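Structure first, commentary second.
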Amino acid sequence: MSDSNKEYIVDDDGEADYNLIQDAIYDSGNGDIIRVRNGSYFENLKIFKAIELIGEDKNITTIDGMSKGHVIYVQANDVKISGFNITNSTFILC
């Protein structure tokens, strides 16, 4: 992965580069920015590279983990996350 500084747009209505946040994360590289438009995203995210994840409005850009563990699991340094309402997270011990 290189420091590519690309920007990706995610929109749950299908009017952007991606419909799912995780798909944008897979395609991004270190230093990239993922902008998420307002809406509800029913996902559990794994972030494994240094990216910036920005929600359009923290009051109406929601990531809902559907009570299936962590909503966002970060496995990298230098990750920035802002502008989200995060709901339905659970912690499951194995």
Scan the stretch 26-75 for residues that are in a loop (DSSP other than H, G, I, E, B), small (Gly, Ala, Ser) and either open to solvent by less than 40 Å² (accessible area, probe 1.4 Å) or touching a residue at least 60 places away in the same chain (Cβ under 8 Å) (or both) and jot them down.
-> SER28, GLY29, GLY31, ALA50, GLY65, GLY69
Does the stretch 85-92 contain any residue that is in a loop (DSSP other than H, G, I, E, B) and either out of contact with any Gly (no Cβ under 9 Å at 6 or more places or on another chain) or under 17 Å from ALA24 (Cβ atoms) (or both)?
-> no
Condition check for GLU15: of a type in the set (Asp, Glu) and either touching a Leu at 6+ places or on another chain (Cβ under 6 Å) or within 12 Å of GLY83 (Cα to Cα) (or both) = no
All but one of (1) farther than 14 Å from THR61 by Cβ; (2) modelled with pLDDT under 95 hold for ASP13, so report the exception by its number.
-> (1)
Mind telling me which of the residues ASP12, ASP23, ASP78 ends up being in a helix (DSSP H, G or I) and either exposed (fewer than 15 other Cβ atoms within 10 Å of the Cβ) or without any contact (Cβ under 8 Å) to a residue 60 or more places away in the chain (or both)?
-> ASP23
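The values are calculated or read from the model by the stated rules, or taken from the named source; none is laboratory data. Treat the numbers as computed from the prediction; the structure is a model and nothing was measured. Every residue, glycine among them, receives a Cβ derived from its backbone with ideal geometry; neighbour counts consider all protein chains shown. Heavy atoms of the whole protein, side chains included, go into the accessibility calculation; ligands, DNA and RNA do not. Shrake-Rupley method; radii C 1.70, N 1.55, O 1.52, S 1.80 Å.
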